[in-house]
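Coordinate-derived values only; no laboratory data. The structure displayed is predicted, hence computed values, not measured ones. Cβ placement follows ideal geometry from the backbone for every residue including glycine, while neighbour counts extend to all protein chains displayed.
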Amino acid sequence: MEYFELISARYSVRAYKSDAVEEEKLQQVLNAVRLESGQIELDLKPVDLVSLVNEAVSESETQFQAKEQTLELKLSPGLPPAFCDEDWTKQILTNLLNNAGKFTPEGGRILIAARHRPDAGVIEVAVSDTGRGIPESGLKEVFEKFRRVDDGKGAVRGTGLGLAIVKHIINAHGGRVWAESVVGKGSTFTFSLPA
Ligand SMILES: Nc1ncnc2c1ncn2[C@@H]1O[C@H](COP(=O)(O)OP(=O)(O)OP(=O)(O)O)[C@@H](O)[C@H]1O
Ligand SMILES: [Mg+2]
């Protein structure tokens, strides 16, 4: 291949990659605006979370592979369907998985667990990682838009909208979402949906 062809091939790969990132960011901003202005209607129906988790995982796989992170699923057998909006719930999973991969070092572990809580009439889904963690003071703040926790270890790319969107969507379902973490050990984000 001629030198200039090589350069242009490399350039277009880069351009393509950054376009995809920009496109994703733009979608994230649009989603946040739509959610905030109350312009979304949830399409509520029984949804099989096992398939939805598997779909979200397979779409995030290249991100985990790039950092040689392992992913484990612990979905209790006989999980009933959740009563939720399928597309938005997948967006929640995608945002949490993206954070887990992004804020966890190479070789780390990510776990998705789901269980039915018949007493509370909900399914709880937890995404855990072995990443940098979040200080106690940041555990609520991270759900505010544009809020990013600075741990002094250098910036990781992001807009600070992912978790604000997660919270909006969960609230719209009447569910709950919260974070637990130990700095330097990892974080767990858990959300509940009616079941
Ligand atoms: N799994 C995690 N481990 C450690 N810190 C996290 C984790 N998830 C979120 N955070 C912290 O919470 C902040 C807000 O997360 P959020 O997903 O809203 O934004 P972002 O990932 O920075 O940007 P965006 O999601 O818009 O690309 C992050 O910047 C980071 O400081
Ligand atoms: Mg994020």
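Annotations for the structure displayed:
- With the simple model of a label 7 Å out from the Cα in the direction of the Cβ, ASP19 to LEU139 spans 4.4 nm.
- Within the chain, the longest run free of exposed loop sites, counting GluC sites (Glu not before Pro) that sit outside DSSP helix and strand states (H, G, I, E, B) and have at most 10 other Cβ atoms within 10 Å, spans 107-195.
- The chain - percent relative contact order, Cα under 8 Å, separation 6 or more: 22
- Global geometry of the stretch 85-132, whether rounded, prolate or oblate, following the gyration tensor of its Cα atoms and the 1.5 cut on a/c: oblate
- Cα long-axis angle, helix 86-102 against the chain (0 to 90 degrees, to the nearest 10): 60
- If R0 is 41 Å, the Cβ-Cβ spacing of ARG148 and LYS45 corresponds to a FRET efficiency of close to 0.75.
- To the nearest ten degrees, helix 49-66 and the longest principal axis of the Cα atoms of the chain are 30 degrees apart.
- The lysines within cross-link reach of LYS167, meaning a Cα-to-Cα straight distance under 17 Å and a gap of 8 or more places when in the same chain, are LYS90, LYS140, LYS145.
- Dipole size of the stretch 122-195 about its Cα centre, with +1 on Lys/Arg Cβ and -1 on Asp/Glu Cβ: approximately 200 debye, rounded to the nearest 20.
- Available extension along the chain between THR70 and ALA120 is 14.9 nm, counting 0.36 nm per residue and deducting the alpha carbon span.
- For GLN63 and LEU26, the FRET efficiency from 1/(1 + (r/R0)^6), where r spans their Cβ atoms and R0 equals 22 Å, is about 0.70.
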